[in-house]
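The structure appears below as structure tokens.
Just so it is clear, none of the values below were taken in a lab; they were calculated from the coordinates. No experiment lies behind these values; they were computed from the predicted model shown. Reconstructed Cβ throughout: ideal geometry from the backbone, glycine too, with neighbour counts over all protein chains shown.
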Amino acid sequence: MKLKPILLVLMAVVLLLSGCGAAKEPGTVGANGEKVVIRMANLVSADNFLNIGYEKFKEVAERESNGQIEVQIYSNGTLTPSEDIEYEMLQTGVLNVVTNAGFIVGANAQIPAFNIFDVPFLFENEEEMYELIDGEYGELLKKSLEEKSNAYYLGTFSIGSFAIANNKKSVRTPADLKGLKIRSTTTPLQASTIAAMGANPTPISYGEIFTSLQQGTIDGVQTTTPLIFADKFYEVSNHLTLTRHFPLPHILMVNKTFYDSLTDELKAAVDKAAEEQVQYARQLATEAEKNAIEKMKADGVDVVELTPEELELFKEAVQPAIDKNIDKVGEKNYQKALELLGKN
């Protein structure tokens, strides 16, 4: 186990020495018809819908460049053990294209605007989120990322909406969560939200969730429905409440130095690949969420769909968490989002 981080660092060094991080003159890479390698990485298995979206990028980029671009995908955490390191590898050019959760980008690039996705119950559904990010607010994200990092913003897609799984009891109201230890990230809005609902937010690494549920270190987890299904958390926490309090958007980014070095023709191929990946990934996420719920129900999981009245209790409960942490988003950004969504 101790060797894995060392091997990852060695792999990164090898990739850098092979030239993927070397600066090139703007607009010159690919001008002589040479092969151009794009390295992508993620933490999921090859058959996970997130990685299938990566495969769409590969297919389109290689097709649109007439084979001049070769996309290499490192899935299942073979190159990076965390999204934070993945982000850093993108910045340095070890990786050329990645997707990261919105809160990961917000924290690492220090851009509060990306934390808008962690405001609980801001979006009624994913269509509302896409309405926001495909418009003026998305332009704000693009500009901020370009100014504060070595990356360009290529688009956003959801990988599902948050639910709460636990192994103690059926949860229909915030009062039902009282005293339960629910795994959460340390992200202020996410941790404060589950606390405001009545649970005890318990930060443990993602890779330890299953074992911690088995051993009773935690009683449950808040994450997306597709992840609860794919990582089999439902096998050790068979009560699932579909609160849908957060979406989990992934931000598609390309290393700025690498992108600027490409010829216009290859830039167009990357842009086309990104556009098709984003649209395809949005469809995959919708299908994955529906499939996850159906299969967990079939496996005997207690799946709770909240009534409008029950959902309102959760919305009321989390308002103090929003008030306390809105500075993490920025009051101006929050008000702008409300205005664009017609909710202020």
**Asked** Which value in nm describes the separation of the simple spin-label points at Asn200 and Asn32, placed 7 Å from the Cα toward the beta carbon?
**Response** 6.4 nm
**Message:** Give me the three principal axis extents of the range 21-139 from the C-alpha atoms, as integers in angstrom, largest value leading.
**Reply:** 50, 31, 26
**Request:** Among the aspartates and glutamates, select those whose C-alpha is under 15 Å from the C-alpha of Lys24, and discard any that sit fewer than 8 residues away in the same chain.
**Result:** Glu34, Asp260, Asp264
**Asked** Any number yet on Rg/Rh for the range 290-344, C-alpha, Kirkwood?
**Response** 1.17
**Prompt:** Working out 0.36 nm times the residue gap between Lys24 and Thr92, then minus their Cα-Cα distance, what length gain in nm do you get to one decimal?
**Reply:** 23.1 nm
**Message:** Compute the angle between helix 308-325 and the longest alpha-carbon principal axis of the chain, please, reported from 0 to 90 degrees and rounded to the nearest 10.
**Reply:** 60 degrees
**Request:** Would you list the P(r) distribution for the range 203-344, with all Cα-Cα distances sorted into 5 Å bins from 0 and each bin expressed as a whole %?
**Result:** 2, 7, 12, 13, 15, 16, 14, 11, 6, 4, 1, 0
**Item:** Within the chain, helix-based [θ] at 222 nm, where runs of 4 or more DSSP H residues each add -39,500 (n - 2.57), nearest 500
**Value:** -14500 deg cm²/dmol
**Request:** Would you mind computing the Rg to Rh ratio of the chain from its alpha-carbon coordinates, Kirkwood style for Rh?
**Result:** 0.98
**Asked** Restricting to the chain, what percent of DSSP beta bridges are antiparallel, rounded to 5?
**Response** 55 percent
**Complete:** About its Cα centre, the range 22-78 carries a charge dipole, from +1 on Lys and Arg Cβ atoms and -1 on Asp and Glu Cβ atoms, whose size in debye to the nearest 20 is 100 debye
**Item:** Exposure proxy ranking, count of Cβ atoms within 10 Å, fewest first, for Asp47, Asp219
**Value:** Asp47, Asp219
**Asked** Which ordering of Leu145, Leu311 is given by a fewest-first count of other beta-carbon atoms within 10 Å?
**Response** Leu311, Leu145
**Using θ = phi - 60° and Karplus 6.51 cos²θ - 1.76 cosθ + 1.60, couplings along the range 214-225 (whole Hz; Gly, Pro as x)** = 4, 8, x, 5, 10, 9, x, 8, 10, 6, 6, 4
**Message:** Cα atoms only: what Rg and Dmax, in Å, come out for the range 54-109?
**Reply:** 12.6, 38
**Message:** Longer than 20 Å from Cα to Cα, which of Lys148/Lys332; Lys178/Lys343; Lys143/Lys336; Lys56/Lys267; Lys178/Lys297 are they? Say none if no pair is.
**Reply:** Lys178/Lys343; Lys178/Lys297
**Message:** Give the aspartates and glutamates reachable from Lys232 as a straight Cα distance under 13 Å; neighbours fewer than 8 places away on the same chain don't count.
**Reply:** Glu208, Asp299
**Fill in**
Cα convex hull volume per residue for the range 83-227, in Å³, equals 112 Å³
**Request:** Mind sorting Leu180, Leu240 by how few other Cβ atoms lie within 10 Å of their own Cβ, fewest first?
**Result:** Leu180, Leu240
